[in-house]
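Q: What follows is a structure written as structure tokens; I'll ask about it next.
The values are calculated or read from the model by the stated rules, or taken from the named source; none is laboratory data. The structure presented is a predicted model; accordingly, all values stated were derived computationally and were not measured. Note that each Cβ is placed from the backbone with ideal geometry, even for glycine, and that neighbours are counted across all protein chains shown.
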Amino acid sequence: MFRIAKRLIAWTGAYKKRIYIGFAFAFFYSIFTALPILLASEGLSLVLADQQAQAPLETADIARLAVFMVLAVLGRFLFSYLRAVTQESVGYEMAADERIRLGDVLKRVSLGFFWQKNMGEVSGAVTTDLSFMEMFAMNMLNTVVNGLITTAVLLAFLGFYCPPAGLTALCGLLLSVLFLHLLEKRSRKNAPLHQKAQDDMVEASIEYLRGMQVVKAFRQEGVAIEGIRNAYRDSKQINIRIETEYMPYNCLHLLVLKLASVGIVAVSAQLTFLGRMSLPTMLMMDLFSFMIFSNVEILSSAAHVLEIIDATLDKLKRIEKAERIDEGGEDITLSSYDIQFRNVSFAYDAKPVLRNVSFTIPQGSVTAIVGPSGSGKTTICNLLARFYDVNEGAVTVGGCDVREMTCDSLLQNLSMVFQKVYLFHDTVENNLRFGNPDATREEVVEAAKKARCHDFIVQLPSGYDTVIGEGGSTLSGGEKQRISIARAILKNAPIVILDEATASVDPENEHLIQQAISELTEKKTVIVIAHRLATIEHADQILVLEEGQLVQRGTHEQLSAQSGLYQRFLHIRRQVEDWSIA
């Protein structure tokens, strides 16, 4: 428990000083918590002395006790407030910093990281896990550390006024720690299982919601929901298991503390009966017995939460330590933009995708890449953008190996337009400005006009301030594609990658998109991945891939005259154009 609390303090980083200041406030809070009991005992002594005619009760005595009592109550609330404002916000500030830090890590890892990891684990880390940390992390520090500070202060008061009662309380406290330790061992075993169940729930929920259209179309609600039911069932079972194993040790922990409280009352009563303790002191001991363990009793609940926090910190640390693909890279400013692949081989895990591929793309030229599905077309673009690193060979831009560059310095030279466009749940303007955060409204509008999307944007309810549905769900495919091209125009990078940019749009939108692409690619180095061969007939060179190998290279006219894969594609295209439903 103390190990995790120490680790939690270390996690607060730059905010650690505020945590320690909060501990100091907790110490003074504890003193002011004990003072009213001492003052009550003093007041009772004065009343008894007056009744027994030993010393008259003066108005000044009553006023003095009243003032001290008010000051004690005010001091208690003051230091409670100071501790809260010093410590409580640290969890929220750290969670915000951690999200930014994780975002920076995730944008610099290889895309293979996301294939190897359960998406529920990654999603849960930046959402539910950090929400859990900001809600409970500082609360647990307050419960454990500040709670023990308060208990230690009260125990010191108790031992000072009655050493036997203090010894009884100490014995009960140590015995309860034993049961807390056993509870902690159980929680340590269950916490990773609880964490995995949570991640599986997130993953299953995301998958079910993303596949809702397919589920409804094929009326397979029962089959599709089986995964989410299993995830929820596993979560229920682990939570029941945690509660079942928690209760015996918690009950023993509480029983020991209650018996220790009874022991304090019994010891003080016995000493009073023997005349070795005054009645007011005995009553003070009894009051202490009711409150001395209040902060220790709740440690049983904190033990399990702390173990979950420990597992969460392990998970966050694993993500933070993920290997960054541009570790050791330098910020390099390119002076030219010719692209070269030299004997490049690459595999996703054990599956080879590219084998000894070599080609050159001159600056300012248009290069098209064609080939069957799975031949490695998109992989070439991924390697150029350094979403992955090559297994063998080298990819260079302007003569510089991309592995020597940071991702930021490389990607600032690339604009990418994908077949599947993702837009953020934000305004149209902010989605466009994603290509250039510093762009003015005038520059945004100009880019939209070049991308042939200005006309439909101004017809939206709030124009450029209209909030787009998540993923761009409130726009058509052609509209999303043109917005994607507009933000690429706004970025104005010297190298443009078009990955099936017109593959799944209607003829009217395709015409507009082709006009937008013409604006985007003017005077740029362009790479086009296309299945529609008619769109690449005027490319400066066409690369033909098959099973991860470069099998043909040349212009449309040259490849059309050669027997080979490209000629077969042309023949298949003519057959497709003549096809009709029988």
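Q: Does the stretch 34-45 contain at least one residue that is assigned to a helix (DSSP H, G or I), surrounded by 14 or more Cβ atoms within 10 Å (Cβ to Cβ) and without any contact (Cβ under 8 Å) to a residue 24 or more places away in the chain?
A: Scanning the stretch 34-45 turns up at least one residue that is assigned to a helix (DSSP H, G or I), surrounded by 14 or more Cβ atoms within 10 Å (Cβ to Cβ) and without any contact (Cβ under 8 Å) to a residue 24 or more places away in the chain.
Q: Looking at 436, 413 in this structure, which one is under 27 Å from the mean Cα position of the chain (by Cα) and crowded, with 16+ Cβ neighbours inside 10 Å?
A: Sole residue among the options that is under 27 Å from the mean Cα position of the chain (by Cα) and crowded, with 16+ Cβ neighbours inside 10 Å: 436.
Q: Does the stretch 239-258 include one or more residues that are of a type in the set (A, V, I, L, M, F, W, C), more than 30 Å from residue 291 (Cβ to Cβ) and modelled with pLDDT under 80?
A: The answer is no; no qualifying residue exists.
Q: Which condition from (1) in contact with a strand residue (DSSP E or B) (Cβ under 9 Å, 6 or more places away or on another chain); (2) not in a loop (DSSP other than H, G, I, E, B) is the one that residue 425 breaks?
A: Every listed condition holds for residue 425 apart from (2).
Q: Another question, if that's okay. Collect the residues in the stretch 16-67 that are within 30 Å of residue 142 (Cβ to Cβ) and either basic (Lys, Arg) or in contact with a strand residue (DSSP E or B) (Cβ under 9 Å, 6 or more places away or on another chain) (or both), keeping them in residue-number order.
A: 16, 17, 18
Q: Scan the stretch 289-309 residue by residue and report those that are surrounded by fewer than 19 Cβ atoms within 10 Å (Cβ to Cβ) and among the acidic types (Asp, Glu). Outline the logic, then answer.
A: As a first pass, look at the stretch 289-309 and keep what is surrounded by fewer than 19 Cβ atoms within 10 Å (Cβ to Cβ): 290-291, 294, 297-298, 301.
Across the stretch 289-309, the qualifying residue is only 297.
Q: For the subset of the stretch 537-575 comprising residues that are surrounded by fewer than 20 Cβ atoms within 10 Å (Cβ to Cβ) and of a type in the set (A, V, I, L, M), which member is farthest from the chain's Cα centre (by Cα)?
A: 561
Q: Considering only residues that are out of contact with any Ser or Thr (no Cβ under 8 Å at 6 or more places or on another chain), farther than 30 Å from residue 129 by Cβ and in contact (Cβ under 8 Å) with a residue 60 or more places away in the chain, which ones fall in the stretch 314-350?
A: Across the stretch 314-350, the qualifying residues are 334, 335, 336.
Q: When you go through (1) crowded, with 18+ Cβ neighbours inside 10 Å; (2) in contact with a Gly (Cβ under 8 Å, 6 or more places away or on another chain) one by one for residue 125, which number turns out not to apply?
A: (2)
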